[in-house]
Amino acid sequence: MPPVALTIAGSDPSGGAGIQADLKTFHQFGVYGEAVLTLLTVQNTRRVSRVEVLSPGLVKEQIEAVLDDIPPNAAKTGALGSVEVVETISELAGAFTFSLIVDPVMISKHGVPLLSRDAENAIREKLVRHAELVTPNVPEAAALAVMSIETEEDIRIAAMRIRDLGAKAVLIKGGHRAGAPVDVLLDEAGFLSFPADRVETRHTHGTGCTYAAAITACRALGHPLRDAVRISRAYVQRAIQSAPGLGSGNGPVNHFTGVEF
């Protein structure tokens with residue numbers, strides 16, 4: 001049987017982010033993908049005009065149905081929407097026997113909040129402790145660590161603060177900082193940097209979802225965490241470089257780019 005990966009996240013009808021991006025990425029990595037919906041959005045490459053969060057009971061029943069029949073080898077969370085949904089997933093995650101990647105999605109590429117302030121606190125206080133890896137961008141890391149991030153040293157301090165919340169490892173993505181993007185991983189072996197060249201493009205919609213989904217797929221395949229980050233970082237870089245140019249706003253990356261293990 002093929003390895004199985006689960007995404008617990010929101011829906012992007014334009015296909016660039018959320019569960020749509022996650023499932024495309026799982027498929028490209030040769031992993032069977034499952035999806036639990038947490039919220040629905042009305043969006044395209046130019047705007048997000050509506051967000052509807054599903055009831056925590058419905059989210060819980062979806063997860064239980066999946067675990068009862070086709071349990072995953074690894075899972076990820078994305079946009080969760082409400083404190084009740086975060087708390088529900090956190091309660092279930094305490095019994096997970098597989099890797100959990102937490103992508104703390106807080107704001108859409110268009111600047112629309114996808115998480116309430118109370119839900120941010122719930123991720124920090126209740127969900128992060130169950131994560132094998134947390135994958136915030138710089139603004140999300142600043143929110144989780146409750147500090148401002150300006151320098152390389154700030155990134156390291158923020159990573160340590162987030163790990164102190166209970167996560168086994170933290171990957172802070174550097175795309176929001178000026179200059180060449182450098183991702184910084186903190187795990188049990190210490191710090192490791194993943195530098196890359198910045199691609200001048202507006203087609204970066206869904207990069208965070210895709211990155212976390214790729215790591216999840218790698219963990220489902222059995223790759224060690226550091227290798228999973230390395231493979232996934234290179235995949236995302238190629239996906240940005242070969243973006244298909246769809247849409248008149250922040251277009252999607254190329255999920256069909258090749259995977260190099």
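The values are calculated or read from the model by the stated rules, or taken from the named source; none is laboratory data. Since we're looking at a predicted model, the values are computed, not measured. Quick reminder, even Gly has a Cβ in these numbers, built from the backbone with ideal geometry, and neighbours come from all protein chains shown. These area figures cover heavy atoms from the full protein model, side chains too; ligands, DNA and RNA do not enter into them. Shrake-Rupley method; radii C 1.70, N 1.55, O 1.52, S 1.80 Å.
Any residue at all in region 71-79 that is without any contact (Cβ under 8 Å) to a residue 40 or more places away in the chain, open to solvent by less than 60 Å² (accessible area, probe 1.4 Å) and among the small types (Gly, Ala, Ser)?
No: region 71-79 contains no residue that is without any contact (Cβ under 8 Å) to a residue 40 or more places away in the chain, open to solvent by less than 60 Å² (accessible area, probe 1.4 Å) and among the small types (Gly, Ala, Ser).
Check whether at least one residue in region 187-197 is open to solvent by 30 Å² or more (accessible area, probe 1.4 Å), at pLDDT below 95 and either more than 14 Å from residue 140 (Cα to Cα) or among the aromatic types (Phe, Trp, Tyr) (or both), and report yes or no.
Yes, region 187-197 contains at least one residue that is open to solvent by 30 Å² or more (accessible area, probe 1.4 Å), at pLDDT below 95 and either more than 14 Å from residue 140 (Cα to Cα) or among the aromatic types (Phe, Trp, Tyr) (or both).
Which strands (runs of 3 or more DSSP E) does region 6-91 wholly contain that include 1 or more residues that are in contact with a Cys (Cβ under 8 Å, 6 or more places away or on another chain), modelled with pLDDT of 95 or more and under 18 Å from residue 126 (Cα atoms)?
No strands (runs of 3 or more DSSP E) qualify here.
Within region 149-176, take every residue that is among the small types (Gly, Ala, Ser) and within 15 Å of residue 193 (Cα to Cα) and give me the one that is surrounded by the fewest Cβ atoms within 10 Å (Cβ to Cβ).
Across region 149-176, the extreme among qualifying residues is 175.
Of the residues in region 203-242, how many are surrounded by 22 or more Cβ atoms within 10 Å (Cβ to Cβ) and assigned to a loop (DSSP other than H, G, I, E, B)?
2
Would you mind finding the one in 146, 85, 59, 53 that is open to solvent by 50 Å² or more (accessible area, probe 1.4 Å), touching a helix residue (DSSP H, G or I) at 6+ places or on another chain (Cβ under 8 Å) and more than 29 Å from residue 177 (Cβ to Cβ)?
Residue meeting the stated conditions: 53.
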